[in-house]
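Only one structure is covered here, and it is reproduced in the block below.
Since every read-out is calculated from the coordinates, none of them should be taken as a lab result. Computed from a predicted model, the values in this text were never measured in an experiment. Quick reminder, even Gly has a Cβ in these numbers, built from the backbone with ideal geometry, and neighbours come from all protein chains shown.
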Amino acid sequence: MLTMDDIVRDGHPSLRKPADEVILPASDEDKEILNKMLEFVKNSQNPELAEKFGLRPGIGLAAPQINVSKRMIAVHVHDDKGNLYSYALFNPKIISHSIERAYLPGGEGCLSVDEQIPGYVPRYARITVTATNVDGEKIKLRLKGLPAIVFQHEIDHLNGVMFYDHINKEDPFAEIQDANPLSN
Ligand SMILES: CC(C)(C)[C@H](NC(=O)Nc1cc(F)cc(F)c1)C(=O)N(CC(=O)NO)CC1CCCC1
Ligand SMILES: [Zn+2]
């Protein structure tokens with residue numbers, strides 16, 4: 001199973017390198033990696049396993065974070081209505097988004113960033129994502145709320161973008177145009 005030791009930290013070149021498209025149909029190796037990524041995120045939310053293996057409670061993970069420069073993400077998160085969004089995806093792509101933006105009022109963190117970096121991270125409030133799931137099926141997702149935030153954070157990782165790249169350097173908590181804070 002993956003542990004925090006498998007997660008590279010800020011400063012590692014893999015986090016700033018645009019990841020390569022996964023050739024489909026995916027190889028057994030790529031499927032194995034993607035399944036392990038989703039397993040990690042699920043395990044990290046299990047108090048016993050998190051405690052036992054020292055896992056930070058994650059809600060998403062991108063392949064560059066385990067030093068695999070391929071366009072693969074795993075997300076396991078509940079929205080504010082308690083609906084579970086659990087996905088292991090190849091080549092996710094944001095094909096459209098709202099003008100309206102949203103942000104987590106407490107700012108964002110990252111499994112690859114050990115220190116707190118304060119500030120609002122502007123995200124699109126709603127996005128439409130296409131991808132191929134681990135079983136090879138093409139899917140289209142319309143997302144809002146926390147799931148939309150997580151998908152944008154993970155897809156950023158595939159493009160070598162870190163959450164703090166989006167924070168206003170002059171005033172980290174400056175009001176964001178056309179944005180609403182998420183009530184998480
Ligand atoms: C880095 C860490 C703090 C562990 C973060 N978890 C998180 O934000 N949990 C959370 C947030 C809420 F708003 C409500 C709630 F119920 C739980 C996380 O997993 N990630 C995943 C990551 O680093 N992927 O690369 C960072 C998140 C910041 C915004 C989306 C993903
Ligand atoms: Zn991250």
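Taking trypsin sites (Lys or Arg not before Pro) as candidate sites, keep only those in a DSSP loop with at most 16 other Cβ atoms within 10 Å, then name the longest stretch of the chain containing none of them. Value returned for the longest uninterrupted segment is 82-168.
Set against the 2.2 N^0.38 Å expectation for a compact globular protein, the chain has a Cα radius of gyration ratio of 0.98. Backbone amide hydrogens, once placed in the peptide plane, bring Tyr85 within less than 5 Å of Val77, His78, Asp79, excluding anything fewer than 5 places away on its chain. Listed by chain and number, the lysines placed with their C-alpha closer than 28 angstrom to that of Lys31 are Lys17, Lys42, Lys52, Lys70, Lys93, Lys138, Lys140, Lys144; residues fewer than eight positions away on the same chain are left out.
Each helix, a run of at least 4 DSSP H residues, gives -39500 (n - 2.57); summed and divided by the residues of the chain, these come to -6500 deg cm²/dmol at 222 nm.
Placing a label point 7 Å from the Cα of Asp20 along the Cα-to-Cβ direction, the residues of segment 152-172 with a backbone N closer than 17 Å are 158-160.
Remark on segment 1-75: ratio of C-alpha radius of gyration to 2.2 N^0.38 Å is 1.10. Size descriptors for segment 90-143, from the alpha-carbon set: Rg then Dmax equal 14.3, 38 Å. In plain terms, the chain is cut at each of the GluC sites (Glu not before Pro) found in a DSSP loop with at most 15 other Cβ atoms within 10 Å, and the longest leftover piece is 22-99. Rounded to the nearest 10 degrees, the angle from helix 145-158 to the longest Cα principal axis of the chain is 60 degrees.
The stretch between Ala50 and Asp165, if pulled fully straight at 0.36 nm per residue, gains 38.5 nm over its current Cα-Cα span.
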